[in-house]
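Some notes on the structure that comes next.
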Amino acid sequence: ASRRFRILAVNDDCCRENLCLMADTSISGTRVARELDALVRIYGKPASIVSDNGTEFTSRAIPKWANDKDVDWHYIDPGKPQQNAFIESFNGSLRDDLLNEEMFDNLDDARRKLALWRYDYNNVRPHSSLSNQTPAEARRTLEQFEGSAPGALAQNTDQEYENQTCRLSL
């Protein structure tokens, strides 16, 4: 029997790194908030987050999380996926490379295959938009030359840097 899973992807718009690729049978706003809390602990607080209007993002948990964390949350206009082009491009690659090619036996199998694909996407596959660096290499380069720590999502005093790099796409 075919099982359907929901997938949450969170990408750093600056270095195109996939920070979270999580599968489950359902994903609530509370679960999204927990995943974001974990990402903030690792990478620092983003200046903003962009998402579509899916139920997991429009539940009461997300505006509360964004308000509590003082993070600007922007919802794209309905039917305008081009307003979140980075995650749409990522989702297209995920679909073409994995989801349309693999059958998942169960949730654990899906999680394992997603983790392997995520590793390849972040650490092996060069991206033309990053001067043929991998997202992991782009993050290291940014940290080295921009003085950002612990990661590209950490706040920097340069306003232009903040506007361009400290944004997550869901």
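The values are calculated or read from the model by the stated rules, or taken from the named source; none is laboratory data. Computed from a predicted structure; not experimentally measured. So basically every Cβ, Gly included, is an ideal-geometry build from the backbone, and we count neighbours across all protein chains shown. Keep in mind that these areas ignore ligands, DNA and RNA; they rest on the heavy atoms of the full protein, side chains included. Shrake-Rupley method; radii C 1.70, N 1.55, O 1.52, S 1.80 Å.
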Single unsatisfied condition, D70 versus (1) under 15 Å from L170 (Cα atoms); (2) open to solvent by 10 Å² or more (accessible area, probe 1.4 Å); (3) of a type outside the set (V, I, T): (1)
Condition check for N53: in a loop (DSSP other than H, G, I, E, B), of a type in the set (S, T, N, Q) and open to solvent by 40 Å² or more (accessible area, probe 1.4 Å): yes
Lone unmet requirement of (1) closer than 25 Å to L116 by Cβ; (2) surrounded by fewer than 17 Cβ atoms within 10 Å (Cβ to Cβ); (3) touching a strand residue (DSSP E or B) at 6+ places or on another chain (Cβ under 8 Å) for S48: (1)
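Condition check ((1) in contact with a Ser or Thr (Cβ under 7 Å, 6 or more places away or on another chain); (2) surrounded by fewer than 19 Cβ atoms within 10 Å (Cβ to Cβ); (3) over 29 Å from N132 (Cβ atoms); (4) modelled with pLDDT under 95) across all residues:
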residue: R34; (1), (2), (3), (4): no, yes, yes, no
residue: G44; (1), (2), (3), (4): no, yes, no, yes
residue: S59; (1), (2), (3), (4): yes, yes, yes, yes
residue: D77; (1), (2), (3), (4): no, yes, yes, yes
residue: I87; (1), (2), (3), (4): yes, no, no, yes
residue: F104; (1), (2), (3), (4): no, no, yes, yes
residue: D108; (1), (2), (3), (4): no, yes, yes, no
Hey, A33 in a helix (DSSP H, G or I), over 28 Å from H127 (Cβ atoms) and without any contact (Cβ under 8 Å) to a residue 40 or more places away in the chain or not: yes
Residues of the stretch 6-26 satisfying the condition of being open to solvent by less than 20 Å² (accessible area, probe 1.4 Å), part of a loop (DSSP other than H, G, I, E, B) and not acidic (D, E): C15
Residue count, the stretch 76-113 (criterion: in a helix (DSSP H, G or I) and of a type in the set (V, I, T)): 1
In the stretch 122-170, the residues that are at pLDDT below 85, among the aliphatic types (A, V, I, L, M) and either under 17 Å from the mean Cα position of the chain (by Cα) or part of a loop (DSSP other than H, G, I, E, B) (or both): A149, A152, L153, A154, L168, L170
Contacts under 6 angstrom Cβ, first residue in the stretch 6-28 being closer than 20 Å to I42 by Cβ, partner assigned to a loop (DSSP other than H, G, I, E, B) and open to solvent by 10 Å² or more (accessible area, probe 1.4 Å), 6 or more apart: L8/I27; V10/L170; A23/F5
Conditions (1) in contact with a Cys (Cβ under 8 Å, 6 or more places away or on another chain); (2) part of a strand (DSSP E or B); (3) more than 23 Å from H127 (Cβ to Cβ); number of the one not met by W73: (1)
